[in-house]
Amino acid sequence: MPKWSINDSAKVYNIGNWGADLFSINKKGNVCVHPTPNSKYSIDLKVLVDDLIKRKIKPPILLRFMNILEGRIASISRVFKNAIHENNYPAKYQTFYPIKVNQQRQVVEAIANFGKKHGLGLEVGSKPELVAAISMSAGNKLPIICNGYKDTEFIETVLYATRVGYDITIVVEKLFELERIIEVSKRTGIIPKLGIRVKLSSKGIGKWSTSGGEDAKFGLRISEIMAAIESLKQNGLIDCVKLLHFHVGSQITKIDKIKNALIEGARIYVEMRRLGVNLEYLDIGGGLGVDYDGSKSSYFSSVNYSLEEYANDVIYQVKNICDEAGVPCPNIISESGRATVAHYSVLVTNVLNNNTQTLMPDFEHILAENAKLSPTVRKLVDIYKSIDRHSLREDYHDTIQLIQESVSLFNLGYLNMNERAHAEWVYSKIIRKINSIVEKLKPIPDELQNFQLSLRQTYFTNFSLFQSIPDSWAIDQLFPIVPIQRLDEKPDVLTSIADITCDSDGEITSFVGENGRTKALPLHKIDVGEDYYIGFFLIGAYQEILGDMHNLFGDTNAVHITFNKKTNYKIDTVITGDATWESLKYVQYDASEILKRVRNNLETDVSLQKVSIEESSHFLELLDRTLQSYTYFGE
Ligand SMILES: *Cc1c(COP(=O)(O)O)cnc(C)c1O
């Protein structure tokens with residue numbers, strides 16, 4: 001057999017197709033991260049993680065690669081610039097970061113900083129997000145767009161912010177908002193900067209398609225827009241309307257859906273101009289997708305178009321329709337959240353199966369003890385010895401039947417614990433032997449593809465799916481998962497990835513594979529005492545804020561890293577994950593109160609001589625230490 005190479009690993013995990021030229025495998029067999037696509041420079045993830053552990057930063061660790069974030073912002077602006085140039089488009093493009101995708105202050109701060117030279121703005125959808133954006137915008141004077149439902153307090157705050165110099169556009173999502181805006185504007189004498197969100201009849205596709213279409217939650221119908229224009233004219237505010245907005249949903253997988261929405265949106269822009277609304281901006285919302293599984297398809301974890309194609313289509317369609325109508329082209333705004341932040345963060349954590357193998361039973365001797373075995377076990381042993389590629393299917397079926405039989409016989413009292421353990425042991429040997437034969441068959445017969453699942457081992461991994469990758473659980477979205485070391489060795493254990501919550505849903509059983517979705521992730525057999533790490537990739541969008549505290553597993557440690565030529569990398573920021581006391585605080589427990597209560601109970605027991613002073617104080621010490629420590633698996 002030819003030796004396993006890092007190229008084989010790259011294929012198995014499909015890195016070339018989802019990695020956007022930012023991730024690769026180096027000669028040492030470790031995953032590395034490039035500061036820019038295809039850069040000759042890279043940071044070795046395994047070396048980085050080892051260094052972080054030396055700094056006492058424990059897994060799970062969320063790694064944020066700030067060069068990638070900066071690069072994505074630049075790429076999105078660049079592809080639009082190119083498209084504008086190629087199409088002779090007579091207006092500008094501006095990118096707005098929708099902060100709901102990740103509102104972490106340090107992240108938004110970095111985005112605001114990187115975005116300055118591209119004229120980036122922030123998009124918000126709630127009062128807390130508005131306040132966050134205002135705080136970020138102060139120094140940078142970033143423009144802000146407000147979507148989402150708005151009450152009077154929201155509107156008043158925005159109007160006064162406008163008065164004191166902020167550049168904020170309020171997008172009208174509902175007619176009742178417009179009434180309030182007019183009322184507050186009259187009362188305060190402040191002129192707002194307005195946008196209107198239209199409910200397109202074009203729908204997106206995939207999980208978020210209901211964000212568009214007639215029954216969408218947001219936006220004004222055409223007839224409502226007519227009413228809004230009328231009312232704004234009557235109140236002398238029609239010149240405040242600068243922007244037309246639509247958003248047909250996130251992760252639009254097919255380019256033709258985007259085109260349909262653009263055509264309808266651009267037509268509405270043109271018609272509104274003709275009605276005397278001096279719109280300057282067309283805001284096409286989000287929806288620019290990410291190819292999570294690398295299949296370049298319209299499957300919902302993928303997209304069938306590139307960044308360049310997206311930008312080109314936007315500019316071309318809008319120009320086409322405006323030119324036809326003889327109406328000036330608008331400046332284009334897009335609010336691409338997912339596509340901006342998905343790539344820059346990677347969660348790395350350790351697999352916990354590394355110290356159990358010594359406890360696995362070894363029944364090798366029974367293979368030589370044919371006569372003494374129970375008939376069921378003996379039949380299994382016979383299969384194990386005789387199996388070859390010709391008898392494969394029949395033997396597989398017999399094996400399944402025999403293992404079921406062993407359970408029935410056990411339940412009836414005909415098989416003892418020891419014999420059932422023997423059956424289990426031979427069974428797994430047979431399955432592995434079948435697999436070694438199946439692997440050489442190409443293509444693998446349909447019937448035996450599912451067979452590989454019976455081989456799948458659970459790798460217990462130090463993270464919470466609900467905290468760190470909630471979309472994997474909630475909507476079965478795929479995220480690439482790759483071991484960060486040993487990629488020059490064949491990963492010959494088929495696994496599923498279980499987290500450490502007590503929820504049976506906390507397990508990943510769908511993976512990005514060579515040919516799309518697979519039901520098992522090949523990983524290496526972990527040596528005793530080995531620290532074996534896996535990385536979860538492309539998790540920068542939505543996962544952090546959607547993550548919850550199931551079982552009170554809190555925020556993970558997060559580290560911001562930038563590449564530099566001298567020392568390879570620099571740690572910019574370390575954000576310590578939640579300690580146990582912090583997790584408890586979310587559910588209204590107070591650490592000192594806990595210690596006080598437990599101490600009081602213990603003192604009663606000490607006074608009754610049930611517990612010694614030493615035992616009591618040692619226990620309190622341990623409890624205190626636990627309160628101070630990380631919520632995840634330690635030593
Ligand atoms: C969520 C949202 C976005 C971001 O969408 P992505 O698909 O992540 O780019 C943009 N605009 C609005 C109005 C949104 O609600």
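Structure summary
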| quantity | calculated |
| --- | --- |
| Pro59 being over 26 Å from Pro98 (Cα atoms) and either of a type outside the set (A, V, I, L, M, F, W, C) or surrounded by 22 or more Cβ atoms within 10 Å (Cβ to Cβ) (or both) | yes |
| Wholly enclosed strands (runs of 3 or more DSSP E) of segment 275-379 bearing at least 1 residues away from the ligand (no atom under 16 Å from the Cβ) | 331-334, 345-350 |
| Asp382 vs. criteria free of Cβ contacts under 8 Å to residues at least 60 places away in the same chain and either in a helix (DSSP H, G or I) or among the hydrophobic types (A, V, I, L, M, F, W, C) (or both) | yes |
| Qualifying position, being touching a strand residue (DSSP E or B) at 6+ places or on another chain (Cβ under 7 Å), within 25 Å of Arg72 (Cα to Cα) and of a type in the set (Asp, Glu), among Asp256, Asp313, Asp293 | Asp293 |
| Scope segment 425-473; condition out of contact with any strand residue (DSSP E or B) (no Cβ under 7 Å at 6 or more places or on another chain), of a type in the set (A, V, I, L, M, F, W, C) and over 14 Å from Glu507 (Cβ atoms); matching residues | Trp425, Val426, Ile430, Ile431, Ile434, Ile437, Val438, Leu441, Ile444, Leu448, Phe451 |
| Segment 608-635 - residue that is closer than 26 Å to Ile53 by Cβ and among the acidic types (Asp, Glu) and, of those, least open to solvent (accessible area, probe 1.4 Å) | Asp624 |
| Conditions (1) surrounded by 19 or more Cβ atoms within 10 Å (Cβ to Cβ); (2) within 16 Å of the ligand (Cβ to nearest atom): number failed by Ala266 | (2) |
| Conditions (1) under 20 Å from Gly219 (Cα atoms); (2) free of Cβ contacts under 8 Å to residues at least 60 places away in the same chain: number failed by Gly286 | (2) |
| All positions within segment 224-249 that are surrounded by fewer than 17 Cβ atoms within 10 Å (Cβ to Cβ) and either outside any loop (DSSP other than H, G, I, E, B) or within 13 Å of the ligand (Cβ to nearest atom) (or both) | Met226, Ala227, Glu230, Ser231, Lys233, Gln234, Asp239 |
| Gly125 touching a Gly at 6+ places or on another chain (Cβ under 6 Å) and open to solvent by 20 Å² or more (accessible area, probe 1.4 Å) | yes |
| Restricting segment 413-432 to residues that are in contact (Cβ under 8 Å) with a residue 60 or more places away in the chain and open to solvent by 20 Å² or more (accessible area, probe 1.4 Å), the residue that is nearest to Val493 (Cα to Cα) | Trp425 |
| Filter pass, Ile252 being within 16 Å of the ligand (Cβ to nearest atom), in a loop (DSSP other than H, G, I, E, B), over 24 Å from Glu271 (Cα atoms) and aliphatic (A, V, I, L, M) | yes |
| Any chance Phe460 is of a type in the set (A, V, I, L, M, F, W, C) and outside any strand (DSSP E or B) | no |
| Output for segment 144-167, where each listed residue is away from the ligand (no atom under 15 Å from the Cβ) and outside any helix (DSSP H, G or I) | Asp151, Val164, Gly165, Tyr166, Asp167 |
| In segment 163-182, the residues that are open to solvent by less than 50 Å² (accessible area, probe 1.4 Å) and closer than 18 Å to Ile196 by Cα | Ile168, Thr169, Ile170, Val171, Val172, Glu173, Glu177, Leu178, Ile181, Ile182 |
| Residues that are more than 30 Å from Gly326 (Cβ to Cβ) and open to solvent by 10 Å² or more (accessible area, probe 1.4 Å), drawn from segment 79-115 | Lys100, Gln103, Gln104, Arg105, Gln106, Glu109, Ala110, Asn113, Phe114 |
| Residue identified as under 18 Å from Cys329 (Cβ atoms), among the acidic types (Asp, Glu) and touching a residue at least 24 places away in the same chain (Cβ under 8 Å) among Glu308, Glu271, Glu280 | Glu280 |
| Verdict on Leu494 being closer than 30 Å to His365 by Cβ and assigned to a strand (DSSP E or B) | yes |
| Residue within segment 533-547 that is within 18 Å of the chain's Cα centre (by Cα), assigned to a helix (DSSP H, G or I) and of a type in the set (A, V, I, L, M) present | yes |
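The values are calculated or read from the model by the stated rules, or taken from the named source; none is laboratory data. Predicted model only: the values in this text are computed from it and were never measured. FYI the Cβ positions are ideal-geometry reconstructions off the backbone, even for glycines, and counts take in every protein chain you see. Side chains are part of the model used for accessible areas, which takes the heavy atoms of the whole protein and leaves out ligands, DNA and RNA. Shrake-Rupley method; radii C 1.70, N 1.55, O 1.52, S 1.80 Å.
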